[in-house]
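What follows is a set of notes on a single structure, which appears directly below.
The values are calculated or read from the model by the stated rules, or taken from the named source; none is laboratory data. Quick caveat, the model's predicted, so the values are computed rather than measured. Cβ placement follows ideal geometry from the backbone for every residue including glycine, while neighbour counts extend to all protein chains displayed. The accessibility values were calculated without ligands, DNA or RNA, using every heavy atom of the protein model including side chains. Shrake-Rupley method; radii C 1.70, N 1.55, O 1.52, S 1.80 Å.
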Amino acid sequence: MSDTFFQPVSGFDLPRFAGVATFMRLPYVALDDPKVSDVQVGLIGVPWDSGTTNRPGPRHGPRQLRDMSTMMRAQNGATGVRPFELINCADLGDVAPNPADLMQTMSRVTSFYEEVKAKGIRPLTAGGDHLTSLPVLRALAKDAPVSMIHFDSHTDLFDSYFGGTKYTHGTPFRRAVEENLLDPKKVVQIGIRGTTYDNEDRDFADAVGIRVIPIEEFHARGVDSVMEEACEIVGETDTYISYDIDFVDPTFAPGTGTPEIGGPNSYQAIQVVRALEKVNIIGADLVEVSPPFDQSGNTAFLGASIMFELLCVMASGPNAHSSD
């Protein structure tokens, strides 16, 4: 049983529309607070979208995701997992970006996550655009490359944009492979689709051994078959989960910068996460929620629900008590 301090505020004690919004109504604990030594999973915001190349807005994602996450309750209705009773979770706040300096912000993110890792805390991140994953991986995979299961409609494996810009939300995993942060033979990308400029990203994936599962294969095989293969690819290795909300069809998640039609529905969006129950997860992120394009708030609510599902598998999986 976890420390009572780390329990979320119940909607029966304080209405969900009241109080200060934190991720899932958990206590806020700063990295310099003595209580942080008891935290096992830290929920972190990275409000930054300087890697965006089309429609901006994910810098506002963490705030909206916090607000929508107040609807999360104590128990997973499908799996029965009660994550807040299995591990100590807290909102660790936001990494403060410099919106005028992309490289400095990445250094700030890496430094923050190095401290998180040093304290034995596994991070669950709310982005931010998908470039956010690169500085996080620089901290988590500093000592050795890790595996990754990546849900997205784009590979994010391009070399550069606009004649040489190496750091955008379309390049993070190309850089991560080049920097030896990811073991490409233990990386699987699921849901890839949409029109393309060329085959550069897919050619790179083939050359280094990344398994790409396009959306046509996902729909033809179904969630169970695809996720069984994905879990076999990463095996028992340390694995990072990266989830771009544009993996989901824009009918269910319109509030994102680069939507692509033909994706999974909202139920499949959480099914794929539940299939990660045996994966050794060292960290995870949910990125590219863009509130300016999310008039109903449904995209952020889906994003917060996916984060709760990620928390459930982190709380009950094989790496659940790694900080003990």
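Points to keep in mind about this one:
- Per the conditions (1) without any contact (Cβ under 8 Å) to a residue 60 or more places away in the chain; (2) within 19 Å of residue 262 (Cα to Cα); (3) out of contact with any strand residue (DSSP E or B) (no Cβ under 9 Å at 6 or more places or on another chain); (4) not in a helix (DSSP H, G or I), the sole criterion not satisfied by residue 220 is (4).
- Hey, residue 252 in a loop (DSSP other than H, G, I, E, B), open to solvent by 30 Å² or more (accessible area, probe 1.4 Å), of a type in the set (A, V, I, L, M, F, W, C) and farther than 25 Å from residue 64 by Cβ or not: no
- Only one of the numbered conditions (1) on the phi > 0 side of the Ramachandran plot; (2) part of a strand (DSSP E or B); (3) open to solvent by 10 Å² or more (accessible area, probe 1.4 Å) is not met by residue 191, and that is (3).
- Any hit, segment 151-163, residues being within 18 Å of residue 282 (Cα to Cα), surrounded by 15 or more Cβ atoms within 10 Å (Cβ to Cβ) and either in contact (Cβ under 8 Å) with a residue 24 or more places away in the chain or within 22 Å of the chain's Cα centre (by Cα) (or both): yes
- None of 208, 273 is under 23 Å from residue 24 (Cα atoms) and either crowded, with 18+ Cβ neighbours inside 10 Å or touching a Pro at 6+ places or on another chain (Cβ under 8 Å) (or both) except 273.
- Of the residues 246, 224, the single one that is modelled with pLDDT of 95 or more and open to solvent by 50 Å² or more (accessible area, probe 1.4 Å) is 224.
- Condition met for residue 172 (touching a residue at least 12 places away in the same chain (Cβ under 8 Å), surrounded by 23 or more Cβ atoms within 10 Å (Cβ to Cβ) and in contact with a His (Cβ under 7 Å, 6 or more places away or on another chain)): yes
- Where helices (runs of 4 or more DSSP H) sit wholly within segment 13-130, those with at least 3 residues that are open to solvent by 20 Å² or more (accessible area, probe 1.4 Å) and either aromatic (Phe, Trp, Tyr) or closer than 21 Å to residue 165 by Cα (or both) occupy 102-118.
- Residue match in segment 302-321 (condition: under 25 Å from residue 180 (Cα atoms), surrounded by fewer than 21 Cβ atoms within 10 Å (Cβ to Cβ) and touching a residue at least 40 places away in the same chain (Cβ under 8 Å)): yes
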